[in-house]
Amino acid sequence: MAHRNAPLSETGRLRLARCVVEDGWSLRRAAERFQVSPTTAQRWAGRYRQAGEAGMADRSSRPHHSPRRTPTRIERRIIKVRILRRWGPARIAYLLGLNPATVHRVLTRYRLARLTHLDRATGRVIRRYERSAPGELGHVDIKKLGNIPDGGGHRKLGRPAGRKNRSGVGYSYLHNAVDDHSRLAYSEILTDEKKETATGFWTRAQAFFTQAGITVERVLTDNGSCYRSRDWRDALAAAGITHKRTRPYRPQTNGKVERFNRTLLDEWAYAKPYRTEQERRDAYPSWLHTYNHHGGPTALKGQPPASRVPNLTGQYI
């Protein structure tokens, strides 16, 4: 297949070559007629003399010899370390005494999956999926977060002073619900992770999704005690929602909400050195709005979750 800027297709090359070889045109005349250089006209005419119509096809630009390519035995050692230890290019390069760029080229050449695409425990490629419509699957999880003492923690005061100022500040529990298809998130900062708290959170989360025009069909959680409770089971059953739980010690199964947890830590919880816990909490609604309406998750190719939820503002209900 010709590259996007090629002046001649295979048919055009054949016509040019026949004008020169069979009709006796000069190279300059043929080049002007087909708007290419005389050198190009000479090349296609020569290939036509040697191979006929078959010579008009594209040829690989790969060199016949690559004297500076990494030796095969070194490539095998790189691949072996990657498969057995699941290390990145920098660590493999240090172990084998190579340049990290060389290791990266070898891994790319053999199309070995990136570490972020692998299950670190088994080395198998993680099967990624996305539901076809909002509401088909919701991911729910709880993120435990240490509170900030008045005056600031170690990020504000430094490690020694931060440790002294930390006693008795307790924890906050972020209850999060994320729609699988749109990545639309509903989140609350609560005081615990008891069954009553988790069930109440889901009631409000379901109301939020319903207002956005999303009917939740299934909910996926981990195996926390609050999600194994009768209260949680009855709340989902009353709404006609199927409850699914992840396999033990497999948090990647609930990856959409786990990724949301990491995003909120990077972009809100630890984004700046807050002076008090209340200051951080006051900043959360604004950040959550930005995530839903203006953020650009990588999985959505830079578009915000709101772009996949036509009725997010509730104007069509």
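So that you can scan it fast, the table gives a plain yes or no per residue for (1) assigned by TED's automatic domain parsing to the domain that holds TYR186; (2) modelled with pLDDT under 95; (3) of a type in the set (Ser, Thr, Tyr):
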site: LEU107; (1), (2), (3): no, yes, no
site: GLY123; (1), (2), (3): no, yes, no
site: HIS154; (1), (2), (3): yes, yes, no
site: LEU157; (1), (2), (3): yes, yes, no
site: HIS175; (1), (2), (3): yes, no, no
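When each of ALA51, ALA31 is tested for being at pLDDT 90 or above and loosely packed, with under 12 Cβ neighbours inside 10 Å, the lone residue that passes is ALA51. Across the range 109-121, the qualifying residues are those that are of a type in the set (A, V, I, L, M) and surrounded by 11 or more Cβ atoms within 10 Å (Cβ to Cβ), and the one among them that is modelled with the highest pLDDT is LEU112. Taking the criterion of being closer than 20 Å to ARG62 by Cα and part of a helix (DSSP H, G or I), the residues of the range 82-118 that qualify are THR102, HIS104, ARG105, VAL106, LEU107, THR108, ARG109.
Checked against the criterion of being within 17 Å of PRO134 (Cα to Cα) and touching a helix residue (DSSP H, G or I) at 6+ places or on another chain (Cβ under 9 Å), the range 261-268 contains not a single residue that satisfies it.
Scanning the range 83-103 for residues that are among the β-branched types (Val, Ile, Thr) and in the same structural domain as GLU22 (by TED's automatic domain parsing) turns up nothing. Annotation: of all residues in the range 275-298 being polar (S, T, N, Q) and loosely packed, with under 14 Cβ neighbours inside 10 Å, the one that is farthest from ARG262 (Cα to Cα) is GLN278. Inside the range 286-305, residues that are farther than 15 Å from ALA177 by Cα, part of a helix (DSSP H, G or I) and over 17 Å from the mean Cα position of the chain (by Cα) make up a count of 4. The sole residue among ILE92, ILE79, ILE83 that is within 35 Å of the chain's Cα centre (by Cα), surrounded by fewer than 12 Cβ atoms within 10 Å (Cβ to Cβ) and among the β-branched types (Val, Ile, Thr) is ILE83.
Taken together, the residues in the range 195-224 that are touching a helix residue (DSSP H, G or I) at 6+ places or on another chain (Cβ under 7 Å), in a helix (DSSP H, G or I) and closer than 27 Å to GLU130 by Cα amount to 4.
Every residue, every condition in (1) under 22 Å from PRO134 (Cβ atoms); (2) surrounded by 22 or more Cβ atoms within 10 Å (Cβ to Cβ), yes or no:
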{"residue": "ASP180", "(1), (2)": "yes, yes"}
{"residue": "ARG183", "(1), (2)": "yes, yes"}
{"residue": "GLU193", "(1), (2)": "no, no"}
{"residue": "ILE241", "(1), (2)": "yes, no"}
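The number of residues in the range 24-75 being of a type outside the set (S, T, N, Q) and not in a loop (DSSP other than H, G, I, E, B) comes to 26. Checking each residue in the range 243-258 for being surrounded by fewer than 17 Cβ atoms within 10 Å (Cβ to Cβ) and of a type in the set (Lys, Arg) picks out LYS244, ARG245, ARG247, ARG250.
Being within 24 Å of the chain's Cα centre (by Cα) and hydroxyl-bearing (Ser, Thr, Tyr) is the filter here; which residues of the range 232-285 pass it? Of everything in the range 232-285, those that are within 24 Å of the chain's Cα centre (by Cα) and hydroxyl-bearing (Ser, Thr, Tyr) turn out to be THR246, TYR249, THR253, THR263, TYR270, TYR284.
The values are calculated or read from the model by the stated rules, or taken from the named source; none is laboratory data. Fair warning: this is a prediction, and the values are worked out from it, not measured in the lab. Neighbour counts are summed over all protein chains in view; Cβ atoms, including those assigned to glycine, are modelled from backbone coordinates with ideal geometry.
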